[in-house]
1. Over all directions, average the projected area of the Cα convex hull of the chain and note it in nm².
2. Along the principal axes of its C-alpha atoms, what lengths does the stretch 77-180 span, in descending order and rounded to whole Å?
3. Label-point separation (nm) for Q23 and L39, each offset 7 Å from Cα along Cα-to-Cβ?
4. Relative to the longest principal axis of the chain, what angle (0 to 90°, nearest 10) does the C-alpha long axis of helix 150-169 take?
5. Just grab the label-to-label distance for I84 and R132, each label 7 Å out from Cα along the Cβ direction, in nm (one decimal).
6. When ligands, DNA and RNA are left out and all protein chains stay put, how many square angstrom of accessible area per residue does the stretch 94-180 have with a 1.4 Å probe?
7. Between I180 and A99, what's the calculated FRET efficiency when r is the beta-carbon distance and R0 is 35 Å? Round to 0.05.
8. How high is the relative contact order of the chain, in percent, counting Cα pairs under 8 Å that sit 6 or more residues apart?
Amino acid sequence: NGLNQTKTLSAALWCYLLMGKRQSPVQIVALGVLVFSALLFQGTISFSSLFGKSDDKSKDAKEGEKKQTSLSKGILPCLGAAAISGLAGALSQKGVQVAGGSGRNPYLYTMELGLYSCCSLIVSIFATKNGRKALREEGGIFKHWTPMSLIPIVVRALGGVLTALVHKYAGATRKGYALI
């Protein structure tokens, strides 16, 4: 989704609000281009609406209904998720760069996040009906696991370490630019 790229703008905003990290004029222009391209890609704005108007009023009425639905069920939730993702990136950056003076060890930070994730998954297993049912079955929650099941776990763990290292040495906003 094109609007998901606005999380770079969100990360820049949250880094400024939480840590006082300012963007250069070139970065501000790049963020503006990013927002414009995301809105253009999503169809929120169009070249025809920028440079001229359509004469077909019935077509405009249908497009208005469609835009209202896409706004409430697509655009706003996506922008909200991007804002939360930017906040998470800024908090992660603050945790590994600022906490304790010189920042924290990104490897230890990743292990802490992994431990919190494991704890929340264990709680959800015991708190949900399907989780309790899986525990009672023969083989338990690992019933359908094979050695190949470890591949996505290892890849996600390495991705978490890489993300923490990028946040430590480059920051959430630069990570966003690199992913575009």
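1. Working: hull surface 61.4 nm².
Value for the chain: 15.3 nm².
2. Result for the stretch 77-180: principal-axis Cα extents of 48, 32, 29 Å.
3. Label-label distance for Q23 and L39, simple model: 1.4 nm.
4. 60
5. Here the modelled spin labels are 2.7 nm apart.
6. On the way: 6430 Å² over 87 residues.
Accessible area per residue: 74 Å².
7. Given R0 = 35 Å and the Cβ-Cβ separation, E is 0.80.
8. 33
The values are calculated or read from the model by the stated rules, or taken from the named source; none is laboratory data. This structure is a prediction, so every number in the text was calculated from the model and none was measured. Cβ: placed from backbone, ideal geometry, glycine included. Neighbour counts: every protein chain shown. With ligands, DNA and RNA removed, areas are computed over all heavy atoms of the protein, side chains included. Shrake-Rupley method; radii C 1.70, N 1.55, O 1.52, S 1.80 Å.
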